[in-house]
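Step one of this worksheet: look at the structure below.
The values are calculated or read from the model by the stated rules, or taken from the named source; none is laboratory data. Because the structure is predicted, anything quoted here is derived from the model rather than measured. Ideal geometry is used to build each Cβ from the backbone, glycine not excepted, and the neighbour counts take in all protein chains shown.
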């Protein structure tokens, strides 16, 4: 086979693309077509690299979270259910909504980041999201004064530290209340509006991040929906766990109950949902209690008819703090919340 003469090939190319062979319009059209082809090749290459890079970065983040057993940018929604059965109380969790990322729940990215940063200040003994009125560092205090000055110049009403703290709670819990309310209140609220006799029950929503989770459970945010009457009760004698990881979840509910009973402003620190249930669906009778609202107004809330609390009743949270038992079977936790 004779060797290839490169110079002859180059001369042939120069002859084909000689300027005298094409008009100006033809050269322009060829240039546009070559530019479009080059642009598409560049776009495909860059998107391919971008897709591979995004996939590898998500894979690395997932591997890191799986290794640490921690997913702090995810929140799920569950209802706490205490089912009485044969003189015992069975602790269950009913998943209301599937897991969501924080940026899907909070449309304001600043709020989502603020909730995410709560994981650094939450403790094992106080696992729910809370905003304190601690004295701020000098630099942060100067920024706060500058912000108040800018708001005053813009004719915004200044907020006190306590009002700003309550506003943070509302921004945190309002999206969660809206999402949970879609699954709990729509149908029966319409029935009550149409005149159907209904009971009104109040549920408390607590956003928690448990740092005392067992070794087989990942740590992430949980929005626990709890019947307010459960937080007020002191006569729960025995608890049986359906799943092993529910053991620490019940401890979390117990600590929330202790704080809810001891704090005068606990209602403002959690989310609240009013659920209307038709009376024809309930076998137990309830009495109406007029509870004071945030503005001093009174709203009707139905509660079970009061009865004498047994002398053997105990404080849930006191037992939690006094008996930290680990490694036992679920049936052996009859005396431990």
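When the stretch 163-211 is filtered for residues that are over 12 Å from the mean Cα position of the chain (by Cα) and assigned to a strand (DSSP E or B), the ones remaining, listed by number, are 198, 199, 200, 201, 202, 203, 204. Given the condition more than 16 Å from the chain's Cα centre (by Cα) and either closer than 28 Å to residue 160 by Cα or not in a strand (DSSP E or B) (or both), answer yes or no: does some residue in the stretch 102-116 qualify? The answer is no; no qualifying residue exists. Only one of the listed residues (102, 92) is surrounded by 14 or more Cβ atoms within 10 Å (Cβ to Cβ), touching a residue at least 40 places away in the same chain (Cβ under 8 Å), under 17 Å from residue 203 (Cβ atoms) and in contact with a strand residue (DSSP E or B) (Cβ under 9 Å, 6 or more places away or on another chain). That residue is 92.
Being surrounded by fewer than 19 Cβ atoms within 10 Å (Cβ to Cβ), at pLDDT 85 or above and assigned to a strand (DSSP E or B), is that true of even one residue in the stretch 227-245? Within the stretch 227-245 (the criterion being surrounded by fewer than 19 Cβ atoms within 10 Å (Cβ to Cβ), at pLDDT 85 or above and assigned to a strand (DSSP E or B)), the answer is yes, since at least one residue qualifies.
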